[in-house]
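Here, each number is a calculation from the coordinates, and none is a lab measurement. Everything numeric here is computed off the predicted structure, so don't read it as measured data. Positions of Cβ are generated from backbone atoms using ideal geometry, with glycine treated the same way; all protein chains shown enter the neighbour counts.
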Amino acid sequence: MQQHSARSGTLLCLTGALIAAAVAVTACGGNSETQATPTFPTEVSQLDPQLVAEGKDTFRYDTFGDESFWTDKLQMNQVIEQAVDPLTAAKVGLKVDADALPANVVKGIQDGTIPLNDPQTTLALLQMNAVVGAKGQVSTGPDGKLHLDRFGITCALCHSTVSKDVHVFAGGTTDLAGIVGHRLDGWPNRDLQPGTILSLSPALTAAQAAEYASWFTKYGSGFYDPRINVNTDPGSNPAVGSDVDANLAAYKRTGGIPVVIPPAFGLIGLSKAIFTGDGDVQHEPAGPVSYWNRYVGVTQMHGHGTFFDERIIVNGKPLQVDHREGDDVVTAVLPGLEAYQWSIVAPTPPPGSFDTVAAQRGKVLFNGKATCVSCHSGASFTDVNTFGLHPANASVALDKNYIKFSATKQWRTTPLKGIWQHPPYFHDGSGAYDTATAACKDGSSIGGAAGGDVVTDDLTCVVNRYNASKTNGGFDLQLTAGEVADLVQYLKSL
Ligand code: HEC
Ligand code: HEC
């Protein structure tokens, strides 16, 4: 079904920082006669613990100076100070780190003695560095009130969430568990509404604000478009025209969409990062994950650094973004940041969350009749290291446009370890069951599986996509309903 062209798989002979990041490179001598094939670390134990610890700090707390954007440009500090109480923040998916708070504060939040409907509480939490992925500089005014002087974001905003075992009743009877908890780094925050948050900024045009707000109403939470601003906003990419609204309209006409926030776990050893495999050592010496960290850190978070990729052409020019203010605070932290992400293994499924006997049958199908293993192979369930990237038709997702904005215009087979943790599936979230229509996003039915848990429902829709006829964009696998159900149980077990 796909053309499996042979690929050399040889990578650059790596030195310096990458080796420090515990990439074992064989035959990488001074006068290397042959190009070495680097062996990426496959075990967390191969990583340098010191580097991992530094990266963890960066991942959680480093804004790379992006306050220049979130404060000076977007004025989010004022928006938050005036109107964002903790319950509002929780509604748009922000999380509170219970371990950053003294026990009496956690108790006060749980029992309602600390008001969650007051923006002053949000500022107090920011002052304690307890809002996951958000950093605030808070001062006390002459009136005794807290003020948010500077505000910025970190990687953890999108790629961390918290555990659901701290129960919050806030004086009422509804348990708001999942708002305050212990950090789960690398788990995508699928409750987050980045577009809704952005739409609150007074610095946007009305069309921009409406576009950002529409992500939640059209797609739900957990979606973000990491390509929009470099194609529309001259402040983000000087190569685009000066008319933001015209740029935006043109971008939407060509099919720009937000995508699901993916996990930052289970990536150790993979030679290419992101849905479209843009990240690799050829384009970022620090490593595949670092490529994307630099892209996001500079072009999206607006950290002080530079990004360049000659493969991404916007308005006739290669993408080149420079957000330095006489400094570069991104490059030096990339190796540690990558090591930390590599250290995060995919979470194992909760006990009892799948049917072991059906999963065993599903495994046979995955490796046989359903042909899944032809792409989802090896320990991480991806052929990215052994085969490389796939052409556009390898994705059975409904959206066909997102890859147009990528560097490779191809797909990386998504690794599947821990997929039970992050429905909906596929880059556009089209592997999902829609309770409103009682059908999958592609219109197919999940029959007896409906009404199960979200993971089962959504994974059934995923397998339906693959099982669909070729004319309907599937791989025509001819799986029976029973076989679909078995395959789903196997996917839940990964
Ligand atoms: C506003 C939300 C947001 C922020 C902030 C953010 N990311 Fe992402 N991240 C995304 C989205 C969306 C993608 C998917 C892009 C794609 O694959 O095309 C992504 C992709 C990734 C991936 C690729 C995973 C894979 O399967 O290869 C990693 C790793 C990652 N981000 C880490 C980070 C790090 C580290 C930071 C901080 C420097 C960061 N992200 C900041 C939204 C975000
Ligand atoms: C031709 C290669 C290929 C085959 C065969 C294949 N996949 Fe995939 N798979 C992909 C690609 C590429 C993606 C990413 C698609 C996207 O996000 O648009 C993907 C994504 C997925 C995802 C979503 C993961 C996530 O985190 O969003 C699941 C689940 C999945 N595949 C399961 C399967 C199953 C089950 C089979 C067999 C029925 C299968 N795949 C067969 C290439 C393949």
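Of the beta bridges in the chain, as assigned by DSSP with both residues counted there, near 95 percent are antiparallel.
Given the Cα-Cα distance of residue 345 and residue 436 and 0.36 nm per residue of separation, how much length would full extension add, in nm?
On the way: separation 91, 0.36 × 91 = 32.76 nm, distance 3.46 nm.
Full extension of this stretch gives 29.3 nm more.
If R0 is taken as 60 Å, the Cβ-Cβ distance between residue 392 and residue 120 corresponds to a FRET efficiency of 0.75. Pull out a ≥ b ≥ c, the square roots of the eigenvalues of the alpha-carbon gyration tensor of segment 159-200, then state rounded if a/c is under 1.5, prolate if not and a/b is larger than b/c, and oblate in the remaining case. Since a/c reaches 1.5 but b/c is at least a/b, the shape of segment 159-200 is classed as oblate. The stretch between residue 404 and residue 82 holds 112.0 nm of extra length on full extension. This uses 0.36 nm per residue minus the Cα-Cα distance. Separation of segment 37-83 from segment 371-437 is 26 Å, based on Cα centroids.
Each of 143, 48 was scored by other Cβ atoms within 10 Å of its Cβ. Arranged with the fewest first, they read 143, 48. Its Cα gyration tensor gives segment 86-141 an equivalent ellipsoid; the semi-axes, largest first and in whole Å, are 15, 13, 12.
Net charge of the neighbourhood of residue 212, taken over other residues with C-beta under 13 Å away and scored Lys/Arg +1, Asp/Glu -1, is -1. Extension gain, residue 360 to residue 45, is 110.4 nm, computed as 0.36 nm per intervening residue step minus the present C-alpha separation. A protection proxy built from the mean count of other Cβ atoms within 10 Å ranks the segments 464-470, 60-66, most packed first, as 60-66, 464-470.
Once amide H atoms are built 1.01 Å from N in the peptide plane, which residues 5 or more positions from residue 303, or in another chain, come under 5 Å H to H? Amide H to amide H, under 5 Å and 5 or more residues apart or across chains, residue 303 pairs with 298. If you take the square roots of the eigenvalues of the alpha-carbon gyration tensor of segment 333-374 and sort them as a ≥ b ≥ c, do you get rounded (a/c under 1.5), prolate (a/b over b/c) or oblate? Because a/c hits 1.5 or more and a/b fails to exceed b/c, segment 333-374 counts as oblate.
Simple point charges give the picture: +1 on the Cβ of Lys and Arg, -1 on the Cβ of Asp and Glu, and for the chain a dipole about the Cα centre of about 1180 debye.
Kirkwood radius and radius of gyration were both taken over the C-alpha atoms of the chain, and their ratio Rg/Rh is 0.96.
Where only DSSP H runs of four or more residues are counted, the chain gives -8000 deg cm²/dmol as its mean residue ellipticity at 222 nm, each run worth -39500 (n - 2.57). Approximating the spin labels as points 7 Å out from Cα along Cα→Cβ, the residue 476-to-residue 245 distance works out to 4.8 nm. Annotation: Cα Rg of segment 153-302 relative to the compact-globule expectation 2.2 N^0.38 Å equals 1.18. The peptide list 405-414, 230-239, 99-108, put in order of mean Cβ contacts within 10 Å with the highest first, becomes 405-414, 230-239, 99-108.
Could you sort the peptides 180-186, 160-166, 202-208 by per-residue average Cβ neighbour count (10 Å cutoff), highest mean leading?
Descending packing order for the listed peptides: 180-186, 160-166, 202-208.
Over all other residues within a Cβ to Cβ distance under 12 Å of residue 98, the charged ones net out to +1, with Lys and Arg as +1 and Asp and Glu as -1. In terms of its alpha-carbon gyration tensor, segment 163-244 comes out prolate; a/c meets the 1.5 threshold, and the first ratio a/b outweighs b/c.
Each 5 Å bin from zero up to the one holding the largest Cα-Cα distance in segment 60-119 carries the following percent of pairs: 4, 15, 17, 23, 21, 11, 6, 1.
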